[in-house]
Amino acid sequence: MQGPSDFELSRRKILLGTAASVAFGVAPRIADAQTPAVPVQAGAAPAISMSKVSFSVNGKPREIALDTRTTLLDALREHLHLTGSKKGCDHGQCGACTVIVGGRRINSCLTLAVMHEGDEIKTIEGLGTPENLHPMQAAFVKHDGYQCGYCTPGQICSAVAVLDEIKAGIPSHVSADLNAPAQLTNAELRERMSGNICRCGAYSNIAEAITEVAGRQA
Amino acid sequence: MKFESPATTNPIDQLKIVGQSVSRIDGPLKTTGTAPYAYERHDVVANQAYGYVVGSAIAKGRIKSIDLGAAKAAPGVLAIVTADNAGKLDKGRLNTAKLLGGPEIQHYHQAIAVVVAETFEQARAAAQLIRVDYAAEQGAFDLASLLDKAKPNPITAGPADTAVGDFAANFAAAPVRLDARYSTPDEAHAMMEPHATIAAWEGDKLTLWTSNQMIAWNKAEMAKILGMRAENVRLDSPFVGGGFGGKLFPRADALLAALGARAAKRPVKVALQRPLMFNNTTHRPATIQRIRIGATRDGKITAIGHESWSGDLPGGKADGAVAQTRLLYAGAHRMTATRLATLDLPEGNAMRAPGEATGMMALEIAVDEMAEKLGMDPIEFRILNDTQVDPEKPERPFSQRQLTECFRTGAERFGWSKRNPQPGRVRDGRWLVGIGAAAAFRNNLLTKSAARVRLDNGGIVTVETDMTDIGTGSYTIIAQTAAEMMGVPLEKVKVRLGDSAFPVSAGSGGQWGGNNSTAGVYAACVKLREAVAQKLGFNSAEAEFADGEVRSGNRRVPLAQAAADGGLSAEDEIEYGDLAKKYQQSTFGAHFVEVGVDAATAEIRVRRMLAVCAAGRILNPKTARSQVIGAMTMGVGAALMEELVVDKRTGFFVNHDLAAYEVPVHADIPHQEMFFLDETDPMSSPMKAKGVAELGICGVAAAVANAVYNATGVRVRDYPITLDKLLEQMPDVG
Amino acid sequence: MKSFTYERARNPAEAAASVLRKPDAKFIAGGTNLLDLMKLEIETPAHLIDVNGLALDKIEPTAEGGLRIGALVRNTDLAADSRVRRDYAVLSRALLAGASGQLRNKATTAGNLLQRTRCPYFYDTNQPCNKRRPGSGCAAIGGFSRQHAVVGGSEACIATHPSDMAVGMRALDATVETVRPDGATRAIPIAEFHHLPGSTPHVETALSPGELITAVTLPKPVGGTHIYRKVRDRASYAFALVSVAAIVQRDGTGRVALGGVAHKPWRIESADSQLPRGAKAVMAELLSGARPTRENAFKLSLAERTLGAVLTEAKG
């Protein structure tokens, strides 16, 4: 009954005293990989379960072996050193960790990395660079849609996905008519962006930035 | 440079770059996720291990025993530090409670251990294996029950009690009187970036890559706590993911990363987990306030009194809620009193505009209530009682005071004249609609600030100062200042902040950062201009710095040429004489808010907001506006939802995560209008600027409260104004 | 978070069999609630069975004219489905009122039903909680109880169920379909799916060990005006103080379910019959025997006022 290959892998879990991640192939060299291995502890110490996962991040294939407990957020930040996605609460209560998986925005802190076998993941680093900003990033700069900057990558990933959601006709809590095409109003943007908290209070400017990009797209 | 007499014309007045709405120079980094925050600095030191903090499960008492056995044996664990093995630790001068508790416990979730392991997952799992046996003691957790036991306590703005004239007699004799009690709850900073630090030891030298508002304070504090020489401690905080006062002082992340790194003999990174932060760190303390206003029938205030009670741990400080009442309105007979009760709740401390934020929440409702008693328009009542001098010391004028102009301008822009003074009369479908106003007031604080400026042979000007940018826009206004002073475009300026190796700045707090840190950069640039002029053979008094050149008469030399045979560097600080004693320096504003209150459910939603502010020269209207609208947003939270709920049986904040402690989300905040009045204040600094980052939160919650009253006719004096406090008095449904 | 082994299941029976074989095994789908609780060690599975590959992500018509919603249909997709929007708008509205866009993209139909309470004392492992540690006591009683249940609570627990979706489903008379480890399937009416706390608040649903939700079915559409009204302090991304799911027919008859007031979506069919007489009459029956705390007594009048507004809106 059982025996999908990945399950086999997880059964062949590596018993390690240290669960330092091991990077394969295309993954960058990371500090942890240079850590001298600590001897495997004898006796009753609980085992660490490792599992291998492959996915693509910003178009690049990645394969890493991880402690199964590693969230997608920590895999990105601590193992792939893609620190653009932020840890604000680690409990799905703030949105700073928002990334786009398979075209949809999710909280990367509330999903295990090993559950993303084969997924296409897009992070803030995949949208643009300081020298070549994505239109949404440029609009945030222009409209001062941030202050401390910590929630900003999540806001921007969310904003990009929100415009796609509206285009796809997904309704929201404030849509007056569930059966009419979704509208691009200020109230719609604010409702849809409400999973991204900005304690600095840049909301009014963020709404203006998104509106400008949406207008350009339309 | 000592600033002792009012500023005259200087290069900043050109306003080619200063005063312009330029976009933040750190914007491309922040919007691409490439600005490095403390926990993310994989590049600064190799071999980082992970620390996870354990918080106390009781509010007060002692640890009888602590069993680390299972945790020590857990996979990947490198070290566990508790008070037992941490070595001797001093308490910081700026902290009230110890950052590492045990055996004595001072508050809930006080850190009692840090577990260091190879990975975050291992450290977290091992931390959860620590077993602690406590002897809990009964503590004091209920401010309202302790008012009689509270003792006088001074506030930042002055002594515990102040009195002018004969308040009691004149209040009693006033024909129109208000005597009301208000309360504000404990509030959390809830900045988006949790407190975080990477610590590394090199011999007896400690480096902390951390998230901190006040670099020099914290360098000294960490040295004191660890018993080290200050020169052996380095802090680096180039990007700070919000602070609001919560990162003014060292927190457990910094100390426990340092102790963990020492024990594990490896660099260690620690971030406070969000559910721990609310009880582990500081918060804005709750207040109970009594305000009495006596006036003549035509609305002149004759007596004004403001008393405030708050609580804190033994040795702690009172909230300064009465501070603005000493300065905001005229009135010959006045008193304020501040009382502090001992509470065993987590440490109360500064949060955005400490004092004025809570004080204005109460005072500006009281003023609205008083105007109604008088049958006056609340704005006209405020204008009638405006004062251009310190009402406690009439020989001290305000350096600038445009409160009346703020109200007049705002009233015009907001459509105040359409307000129906009869509450509960305006309806828009299911919504009862009301508008409210309140004054904004916050003092301008002067503190010395230094910077170093370098010129290289490519004409690049580099500014270094330990100033921090906590979202305030420091990088940008400092670059604007240096560009204006040296006559170069903004792209030719590099700004490096937040490193304790740099000259000591004002830091970020009390809305003092912008004016003081740029004035320090101004001072350093004046010195650099002199060095450049000397090098190039100009008379420094006549040399003009513009367009990348130094000019005088017909002679023009490229600025970079001054550094052709090696860079030029200058360092100076701004320090202040007694202008602030002779002139009261404050910032002013007027808030306008329109709310809708659902006639059935009493849900309150903000529909419109406007603030008009007068706060000296606005160095960058784009970033300054953001500071104000951000503060307005936080004020909406304070008005409508924010409250750390105290479990008075066991003494902790129950709603200690971002789901249960609600702060405003996008849907709560409409498009916000914000307008600055023209103002330059030559008494403040050569920049002629003042603080603005905290002004925006002062008064806004009261404007919301007054709008709710105007919409419903229900006066709520206990924040936050939630629907359950309105429901019974709402109109019948159906 | 305790260490766990992980497998991906390929079909429901295999998943159900595996969960029985492994001690302390749990299914994981969206993970948005389970992982949250695992980080705090409120949930401590030793083995996770990832059911996302089970192909239970379709919404299909039933022979009876209703809809069969796969257990793995994401909240976003369910809310956006054109048939749900047209014929079961109360469900679409309830889903859209819950959580955030990011969470709805991940959260599944089955997972939403199985959400655990947001009681802050349940979430703080230092505090006594009969749901988390049976027999330890209930800190919410006598503590901070503004969000808590006003009806159907017990001396052991006054927690509320946090789901909006489930309240919509309760109004629609949905049925929960499951498969057990032995391969047996059953259909549980949603009214019986969630339990009241009684003396066993840790037993939250009718599911037996290892039983896996495969689908939720909705009966054929009943027409009428569908309204879901969620009342909260914050305008979005907050749990309900009170929510009302109502289906009102032209003649004034209909159905009402409440969220935010009890340990389960709260509906009493006999109270529905009071609808033509108005909100007060409905609530007299629906909330009879309510035992609010001082802090949440406002929910009684709030529920009645909210239903009153809903009925006004339904009349158009």
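Brief remarks on what is shown
- Subset of region C:4-49 [within 11 Å of chain A (Cβ to nearest Cβ) and of a type in the set (Ser, Thr, Tyr)]: C:5, C:6, C:18, C:32
- Close pairs (6 angstrom Cβ cut-off, 6 or more residues apart or separate chains): under 25 Å from residue A:115 (Cβ atoms) in region C:49-65, open to solvent by less than 50 Å² (accessible area, probe 1.4 Å) and of a type in the set (S, T, N, Q) anywhere: C:49/C:18; C:56/C:214
- Any strands (runs of 3 or more DSSP E) falling wholly within region B:77-168 and containing at least 2 residues that are surrounded by fewer than 20 Cβ atoms within 10 Å (Cβ to Cβ), assigned by TED's automatic domain parsing to the domain that holds residue B:647 and of a type in the set (S, T, N, Q): none
- For residue B:15, the requirement of being open to solvent by less than 50 Å² (accessible area, probe 1.4 Å), of a type in the set (A, V, I, L, M, F, W, C) and more than 14 Å from every other protein chain (Cβ to nearest Cβ) is not met.
- Candidate set: region B:258-274, residues that are of a type in the set (D, E, K, R) and open to solvent by 20 Å² or more (accessible area, probe 1.4 Å); chosen: the one nearest to residue B:86 (Cα to Cα): B:262
- The residue pairs whose first member lies in region C:291-312 and is of a type in the set (A, V, I, L, M), whose second member is open to solvent by less than 50 Å² (accessible area, probe 1.4 Å) and in a helix (DSSP H, G or I), and whose beta carbons are closer than 7 Å, counting only pairs six or more residues apart or on different chains, are C:302/B:727; C:303/C:283; C:307/C:279; C:307/C:282; C:307/C:283; C:311/C:279.
- Residue identified as in a strand (DSSP E or B), more than 8 Å from chain B (Cβ to nearest Cβ) and of a type in the set (A, V, I, L, M) among C:222, C:256, C:282, C:310: C:256
- Among residues that are open to solvent by 40 Å² or more (accessible area, probe 1.4 Å), modelled with pLDDT of 95 or more and either within 27 Å of residue C:119 (Cβ to Cβ) or within 20 Å of the chain's Cα centre (by Cα) (or both), residue C:85 is not included.
- When residue B:525 is tested against (1) modelled with pLDDT of 95 or more; (2) surrounded by fewer than 16 Cβ atoms within 10 Å (Cβ to Cβ); (3) not polar (S, T, N, Q), only condition (2) is not met.
- Criterion violated by residue B:492 - all others in (1) over 25 Å from residue B:21 (Cβ atoms); (2) open to solvent by 40 Å² or more (accessible area, probe 1.4 Å); (3) at pLDDT 95 or above; (4) not β-branched (Val, Ile, Thr) satisfied: (1)
- Residue within region B:40-58 that is more than 24 Å from residue B:649 (Cα to Cα), among the β-branched types (Val, Ile, Thr) and more than 31 Å from the chain's Cα centre (by Cα) present: yes
- Residue list for region B:718-734, filter: touching an Asp or Glu at 6+ places or on another chain (Cβ under 9 Å) and of a type outside the set (Phe, Trp, Tyr): B:720, B:722, B:723, B:724, B:725, B:730, B:733
- Qualifying strands (runs of 3 or more DSSP E) (wholly inside region A:97-164; at least 3 residues being more than 11 Å from chain B (Cβ to nearest Cβ) and more than 18 Å from residue C:108 (Cα to Cα)): A:120-122
- Close Cβ contacts (under 9 Å, 6 or more residues apart or on different chains) running from residues in region B:403-426 that are basic (Lys, Arg) to residues that are open to solvent by 100 Å² or more (accessible area, probe 1.4 Å) are absent.
- Residues that are more than 10 Å from chain A (Cβ to nearest Cβ) and of a type in the set (Phe, Trp, Tyr) within region B:96-129 comprise just one, B:108.
- Residue, most open to solvent (accessible area, probe 1.4 Å), within region B:310-329, restricted to residues that are of a type outside the set (S, T, N, Q) and not in a loop (DSSP other than H, G, I, E, B): B:326
- Within region C:269-279, considering residues that are exposed (fewer than 15 other Cβ atoms within 10 Å of the Cβ) and of a type in the set (D, E, K, R), the one farthest from the other protein chains (Cβ to nearest Cβ): C:269
- Odd one out for residue C:103, checked against (1) within 23 Å of residue B:654 (Cα to Cα); (2) within 9 Å of chain A (Cβ to nearest Cβ): (1)
- Applying the criterion of being touching a helix residue (DSSP H, G or I) at 6+ places or on another chain (Cβ under 7 Å) and either in a helix (DSSP H, G or I) or hydroxyl-bearing (Ser, Thr, Tyr) (or both) to the residues of region B:382-399, the residue that is most open to solvent (accessible area, probe 1.4 Å) is B:383.
- For region B:215-244, the tally of residues that are part of a loop (DSSP other than H, G, I, E, B) and open to solvent by 10 Å² or more (accessible area, probe 1.4 Å) stands at 6.
- Single residue of region A:59-96 satisfying the filter (at positive phi and within 11 Å of chain B (Cβ to nearest Cβ)) that is most open to solvent (accessible area, probe 1.4 Å): A:81
- For residue B:206, the conditions (1) touching a residue at least 60 places away in the same chain (Cβ under 8 Å); (2) open to solvent by less than 10 Å² (accessible area, probe 1.4 Å); (3) assigned to a strand (DSSP E or B); (4) over 24 Å from residue B:345 (Cα atoms) are fulfilled apart from (1).
- Complete set of residues in region C:285-300 that are part of a helix (DSSP H, G or I) and either open to solvent by less than 50 Å² (accessible area, probe 1.4 Å) or among the acidic types (Asp, Glu) (or both): C:285, C:286, C:298, C:299
The values are calculated or read from the model by the stated rules, or taken from the named source; none is laboratory data. Remember, predicted model here, so these are calculated numbers, not experimental data. Quick reminder, even Gly has a Cβ in these numbers, built from the backbone with ideal geometry, and neighbours come from all protein chains shown. Surface accessibility is based on the protein's heavy atoms, side chains included, excluding ligands, DNA and RNA. Shrake-Rupley method; radii C 1.70, N 1.55, O 1.52, S 1.80 Å.
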